Amino acid sequence: MAVNTEQLKNQADLLRRGLADLRAEDAELARILDAEVTRQHRTLSLVSSSCAVKPRTLAASASALVNVTAEGTPGRRYHAGCENVDLVESLAIRRARELFGAQYAGVQSHSASSANYQVLSALLEPGDTLLGMALDHGGHLTHGSPVTFTGAYYKAIRYGTTSEGLIDYDKVRKLALAHRPRIIICGATAYSRVVDFERFRKIADEAGAILLADISHIAGLVATGRHPSPINAAHVTTTCTHKQLMGPRGGLILSGRDANKKVPGLKSTFSRILDQAVFPRMQGAPAVNMIAAKAAALGYAMSPEFDAYMERIRNTADEMASAFQAHEYEVVGGRSENHTILIRLRGAITGSIAESALERCGIIVNKNRVPGETRSSSVTSGLRIGTGSMAQRHIDPLGCRQVVDLVCRILDKVTPLNEQKYTLEPALQEQFRLQAEALCTMYPIADYMEH
Ligand code: DSN
């Protein structure tokens, strides 16, 4: 057999060959991957923690950098062959610092959960006290939940929201002064109002605590000035890159005015400790291809188009919150000030039933606990709606009302049998599914259209 000696010279050659080989040699996997693209086109995603990355970011994540082992940081590697890796990581760091106005940026964490583990493990000793927002009240697993390392290795004290769903800052202060935590964690996964980072810092300073802000859900709003920034208010800020930054699955660690100050009780500065927290303490070689994709996303996040996207996210949240209220659903916290709307469901319809029934009709949401919750986390009494994907469909106010109206009509037709089982007439379900699909066609994902 004649050997083809022509090299695949660049990224485009590799991707073209890879896609052709996948189709020809692994049709089973190729079919599933294609089906996922179709699913994303044909369903309305109202998931608060996701969006569609730009094709160029996808392409960067599938680069030849995946072949390079590169323990260490730019210029200080434990492996040779890192000249391009160093350039990529330095670019990502520079863009992260510029986008957020940070003095320090670490771009190697595989996710925000990893970033939180890395920060905590570097700044706390096992058994130290942390004060974080309770999961039930909108916090994150890594903010002290007993089912995670953060609840198992540290003495986790939890704060929550008032019955109206607003962070109870007075309670946070009381808890901080009573327990004197080593660290206070602020930031949330299901909280629709502005987080007062300056007030958290005041409390942290009064209690002698370090402040960590996790902005995974609101990073795009922070980056574009639509939510106050914690970069200089908190000692350390973490975020993932995939929820609101249109980036790959991954994490960032950032620090502002405290970056080059000594960590209380330790000999090193925050920036030095944070670098070491990732490698060698918690991670080995970084996923450099994902760092390239982070660089691509961070570059886009500085564009006027991204700013306009964030504006649409906010406007869509206002429209959808009002539309749910017009259908007499309670919006927890009274309104949305970011991209999240937390809805309290009515009667016997649980979060689990609503999530499942809506999915069968082509609408993707998350069940979520709500303040005063009486049901378990696998059942719940609420829905968490996010507007990131809707804003990528450039949905207008009329479209927002149509989507909310469809959600409410579906929920009206569901008959619960118990907390997780229900009936929905198949003919109606099919009608609803076609209506959701029609909305998808009317409002396509702009980034996934041909030029
Ligand atoms: N943190 C979870 C969420 O908000 O959906 C998963 O990333």
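The values are calculated or read from the model by the stated rules, or taken from the named source; none is laboratory data. Given the structure is predicted, the values throughout are model-derived calculations rather than measurements. Positions of Cβ are generated from backbone atoms using ideal geometry, with glycine treated the same way; all protein chains shown enter the neighbour counts. Please note that ligands, DNA and RNA were not included when accessible areas were found on the heavy atoms of the full protein model with its side chains. Shrake-Rupley method; radii C 1.70, N 1.55, O 1.52, S 1.80 Å.
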May I ask you to list the residues in the range 230-253 that are open to solvent by 10 Å² or more (accessible area, probe 1.4 Å) and within 23 Å of residue 144 (Cα to Cα)? 235, 242, 243, 249
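Being in contact with a Leu (Cβ under 6 Å, 6 or more places away or on another chain), within 28 Å of residue 260 (Cβ to Cβ) and not β-branched (Val, Ile, Thr) is true for just one of 182, 199. Which residue is that? Talk me through it step by step, then tell me what you get.
Values: 199 fails: in contact with a Leu (Cβ under 6 Å, 6 or more places away or on another chain).
Of the residues listed, the single one that is in contact with a Leu (Cβ under 6 Å, 6 or more places away or on another chain), within 28 Å of residue 260 (Cβ to Cβ) and not β-branched (Val, Ile, Thr) is 182.
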Do any strands (runs of 3 or more DSSP E) lying entirely in the range 340-451 carry at least 1 residues that are among the polar types (S, T, N, Q) and closer than 24 Å to residue 139 by Cα, and which ones are they? 340-344, 366-368
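Out of all the residues in the range 102-117, which are in contact with a Gly (Cβ under 9 Å, 6 or more places away or on another chain), away from the ligand (no atom under 16 Å from the Cβ), open to solvent by less than 50 Å² (accessible area, probe 1.4 Å) and not β-branched (Val, Ile, Thr)?
Of the residues in the range 102-117, the ones in contact with a Gly (Cβ under 9 Å, 6 or more places away or on another chain) are 102-104, 106-116.
Now restrict to residues that are away from the ligand (no atom under 16 Å from the Cβ): 102-104, 106-108.
Narrowing further to those that are open to solvent by less than 50 Å² (accessible area, probe 1.4 Å): 102, 104, 106-108.
Answer for the range 102-117, where residues must be in contact with a Gly (Cβ under 9 Å, 6 or more places away or on another chain), away from the ligand (no atom under 16 Å from the Cβ), open to solvent by less than 50 Å² (accessible area, probe 1.4 Å) and not β-branched (Val, Ile, Thr): 102, 104, 106, 108.
Name the residue that is surrounded by the fewest Cβ atoms within 10 Å (Cβ to Cβ), counting only residues in the range 1-51 that are within 16 Å of the ligand (Cβ to nearest atom) and in a loop (DSSP other than H, G, I, E, B). I'd like the intermediate steps shown before the answer.
Our first condition is that a residue be within 16 Å of the ligand (Cβ to nearest atom); within the range 1-51, this holds for 45-51.
Narrowing the set further to residues that are in a loop (DSSP other than H, G, I, E, B) leaves 46-51.
On the way: 46: 24, 47: 15, 48: 27, 49: 18, 50: 17, 51: 26.
Selected residue: 47.
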Among the residues of the range 139-156, count how many are more than 18 Å from residue 211 (Cβ to Cβ) and within 12 Å of the ligand (Cβ to nearest atom). 3
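Give the range 345-365 a look and list any residue that's at positive phi and surrounded by fewer than 21 Cβ atoms within 10 Å (Cβ to Cβ), or say none. I'd like the intermediate steps shown before the answer.
Of all residues in the range 345-365, those at positive phi come to 347, 362.
Matches in the range 345-365: 347 only.
Criterion first (within 21 Å of residue 14 (Cβ to Cβ) and either away from the ligand (no atom under 16 Å from the Cβ) or at pLDDT 95 or above (or both)) does residue 81 satisfy it?
Numbers: within 21 Å of residue 14 (Cβ to Cβ): yes; either away from the ligand (no atom under 16 Å from the Cβ) or at pLDDT 95 or above (or both): yes.
Spelling it out, residue 81 is indeed within 21 Å of residue 14 (Cβ to Cβ) and either away from the ligand (no atom under 16 Å from the Cβ) or at pLDDT 95 or above (or both).
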Of these, 380, 340, which one is within 14 Å of the ligand (Cβ to nearest atom), open to solvent by less than 10 Å² (accessible area, probe 1.4 Å) and over 22 Å from residue 243 (Cα atoms)? 380
Please list, ordered by first then second residue, the pairs with beta carbon atoms under 9 Å, 6 or more apart or interchain, first in the range 108-120 and among the aromatic types (Phe, Trp, Tyr), second open to solvent by 30 Å² or more (accessible area, probe 1.4 Å) and away from the ligand (no atom under 14 Å from the Cβ). 117/149; 117/282
